[in-house]
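Remarks on the structure that follows.
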Amino acid sequence: WYVSIQCEFALNNHITVLNLNTAIGIDMGVKRFLTLSDGNFINNLEEKLKPLENKIALLQRRIKHKVKGSNNIKKAYLKLTLVHKRKADIRNNFLHQASTLLIKNHDVIVIEDLKVRNMSKSAKGSIANPGTKVKAKSGLNRSILNEAWHKFFTYLEYKLKLKGGILIKVNPKHTSQTCIKCGHISKDNRKEQVLFKCVKCGYEANADHNAAQNILRRAGLARMACRANLTRGRQQELAEAYNSSSIVV
Ligand SMILES: [Zn+2]
């Protein structure tokens with residue numbers, strides 16, 4: 001049984017002072033789920049989910065040896081479904097915790113305008129027969145990652161909206177290849193997965209951290225703050241400029 005409860009309440013989404021100093025850029029990744037422009041990061045869940053993955057593999061092997069249509073196979077499928085459910089719950093909980101943590105500390109959050117889709121519909125039918133999808137080069141199923149990011153962005157957006165903050169989406173082009181120090185853009189800056197090394201100025205940093213800083217800078221908040229301060233007060237100006245809780249720059 002599922003119980004669904006709805007309620008209605010007035011939304012007071014006018015933050016008194018939007019603190020631009022708390023603005024943060026987020027770079028989404030594979031090994032690290034996300035890296036912030038201040039250097040903090042959150043690792044992906046995959047290591048933690050490994051015991052459940054093993055359990056799923058074991059159950060699937062067992063199912064192969066059972067008689068089709070038997071009670072035994074029905075029981076085995078039920079077990080398998082429950083493990084999948086548990087995995088999905090853990091993942092969802094992780095996304096809620098991560099998004100809540102971020103919106104608590106930041107009024108303005110900048111992400112890349114990635115073309116992520118909600119994949120849950122296509123994934124639904126595969127519970128009885130999962131794990132056959134081709135894994136991405138990264139070792140992580142692309143569709144899972146895609147769905148996790150989509151959910152995460154959705155959570156960030158509605159939680160920020162409740163708080164009165166702003167989610168800004170920026171063009172993702174070259175964010176990982178651009179040097180935050182000198183602005184030089186080159187594929188050669190990112191020869192290694194983890195290390196960013198600028199071929200022009202020699203700046204070295206964690207590649208995801210460098211990207212997250214570029215993402216934050218791309219939102220043009222410094223320019224925005226200057227302009228806002230010159231006129232009627234930045235709060236009103238920002239509200240006008242970002243006449244929505246989520247904008248694409
Ligand atoms: Zn450089």
If we ask which residues in the stretch 178-196 are more than 16 Å from the ligand (Cβ to nearest atom) and crowded, with 20+ Cβ neighbours inside 10 Å, their number turns out to be 0
Taking the stretch 197-212 and keeping residues within 12 Å of the ligand (Cβ to nearest atom) and out of contact with any Cys (no Cβ under 6 Å at 6 or more places or on another chain) leaves 197, 199, 202, 204, 205, 210
Note on the stretch 161-196: residues within 18 Å of residue 29 (Cβ to Cβ) and assigned to a strand (DSSP E or B) are 169, 170, 178, 195, 196
Exactly one of 211, 239 is at pLDDT 95 or above and among the small types (Gly, Ala, Ser), and that residue is 211
When residue 204 is run through (1) closer than 30 Å to residue 18 by Cα; (2) in contact with a Leu (Cβ under 8 Å, 6 or more places away or on another chain), the failure sits at (1)
When (1) farther than 30 Å from residue 210 by Cβ; (2) within 20 Å of the chain's Cα centre (by Cα) are applied to residue 96, the one that fails is (1)
When restricted to 175, 154, the only residue under 24 Å from residue 20 (Cα atoms), free of Cβ contacts under 8 Å to residues at least 40 places away in the same chain and more than 14 Å from the ligand (Cβ to nearest atom) is 154
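The values are calculated or read from the model by the stated rules, or taken from the named source; none is laboratory data. Everything numeric in this text was worked out from a predicted model, so none of it was measured. All Cβ positions, glycine included, derive from the backbone under ideal geometry; neighbour counts span all protein chains shown.
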